[in-house]
Amino acid sequence: MPASSRASVTTKPRSPASPLALTLGDPAGIGPDITMAAWLQRAKRGLTPFVVFGDPEALAARARALRVDVPLAVVGSPGEAAAAFADALPVLASDAGKGDTAVLDTIVAATAAVAAGECLALVTNPIAKKALQSADLQQPGHTELLAVLAARHNPGRTYKPVMMLASSQLKVVPATVHIPLAAVPKALTRSLLTETIRITTAALRDDFAIAHPRLAVTGLNPHCGEGGMLGREEIDIIAPVIAELAAGGLAVTGPHSADAMFHGEARRSYDAAIAMYHDQALIPLKTLAFDSGVNVTLGLPFVRTSPDHGTAFDIAGTGKASPDSLLAALQLAAEIGRRRTGAQHPPRP
């Protein structure tokens, strides 16, 4: 595997008893709402303790707006979270700035706690993309930012982050993510697709405990290009990659027409689908599991999950936000985190 998909040996070991690190997300969005709703279901869901990285005043204000009884415990370190969790929501306040700067600072602090072994895994609440446009960390999304932060904590390493959307009905990975649709054909290379498939295969095996992962790969063009009449990406890029990987022993098939890959019978034939671009992957996932899908970042030296939805500024503070996707993200992060405690390397084929 390329160095971009290997963990550095400097990654510190984590204890399965460590808390999860949960970022508050944009405090004007529904992050505070669903965070408190998740904590209120801690016993019912058997949640692993988590510590919130964010502004306790923002949480307290939202609790008053929602009229919910959520006592807060401001802690000085992640290690104090477990003892407080049963009776109060642990919050680790930082010396962050205001606005977008504070949002970014909490992500940086939470990532550092996970990288240092103080927290089992990272779970991130939704943010607006503009919060990531700082002078030295300008990135198009959470996923790309975390790869930069992982490299900061593991000097000499680079990481290829792979975004997986996961639910009980479907696991799907877009090969290209936060780029314009017009840029997809140029960005879709044999090396990109090969690395994405390898990282996904290894994650299914090591993080999801699927002994013999099966992958199905979509085409890019309608009807997989109709033999070249509607595009040649399937002929020139996708099919050769699949053939090479299959010859090397991976259970990967395709290219398949995307319009026929996501019905029930088709989904039973694979463990994860590899799509060519963002919406090709996210539309079927959100159709099947809008309230329970989880965003999982593969290829990092630590575990990261997040709810599969945005900030929802329009319903923040109204009591209408569902915590289901965050609950699923917390539970999956704990599950994968515990699985990784015995082997600190991220999955590799």
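Residues in region 169-224 that are surrounded by 16 or more Cβ atoms within 10 Å (Cβ to Cβ) and of a type in the set (Gly, Ala, Ser): 175, 202, 203, 216, 219. Residues in region 21-41 include none that are free of Cβ contacts under 8 Å to residues at least 40 places away in the same chain, more than 24 Å from the chain's Cα centre (by Cα) and assigned by TED's automatic domain parsing to the domain that holds residue 337. Evaluating residue 330 against the criteria (1) touching a residue at least 12 places away in the same chain (Cβ under 8 Å); (2) out of contact with any Phe, Trp or Tyr (no Cβ under 7 Å at 6 or more places or on another chain); (3) in the same structural domain as residue 110 (by TED's automatic domain parsing); (4) not small (Gly, Ala, Ser) leaves one unmet condition, (2). Of the residues making up region 49-67, those that are in a loop (DSSP other than H, G, I, E, B) and in contact with a helix residue (DSSP H, G or I) (Cβ under 6 Å, 6 or more places away or on another chain) are 49, 54. Among the residues of region 192-212, those identified as in contact with a helix residue (DSSP H, G or I) (Cβ under 9 Å, 6 or more places away or on another chain), in a helix (DSSP H, G or I) and not aliphatic (A, V, I, L, M) are 194, 195, 198, 201, 206. Taking the condition surrounded by fewer than 24 Cβ atoms within 10 Å (Cβ to Cβ) and either within 23 Å of the chain's Cα centre (by Cα) or without any contact (Cβ under 8 Å) to a residue 60 or more places away in the chain (or both), does residue 51 pass? No. Within region 83-98, residues that are within 18 Å of residue 26 (Cβ to Cβ) sit with their Cβ atoms under 6 Å from residues that are modelled with pLDDT under 85 and among the aliphatic types (A, V, I, L, M), at 6+ positions apart or across chains, in these pairs: 96/102. The listed residues are 318, 253, 305, and the only one of them that is farther than 30 Å from residue 228 by Cα and in a strand (DSSP E or B) turns out to be 305.
The values are calculated or read from the model by the stated rules, or taken from the named source; none is laboratory data. Since the structure is predicted, the reported quantities are computational estimates derived from the model, not experimental observations. Neighbour counts run over all protein chains shown; Cβ positions are idealised from the backbone, glycine included.
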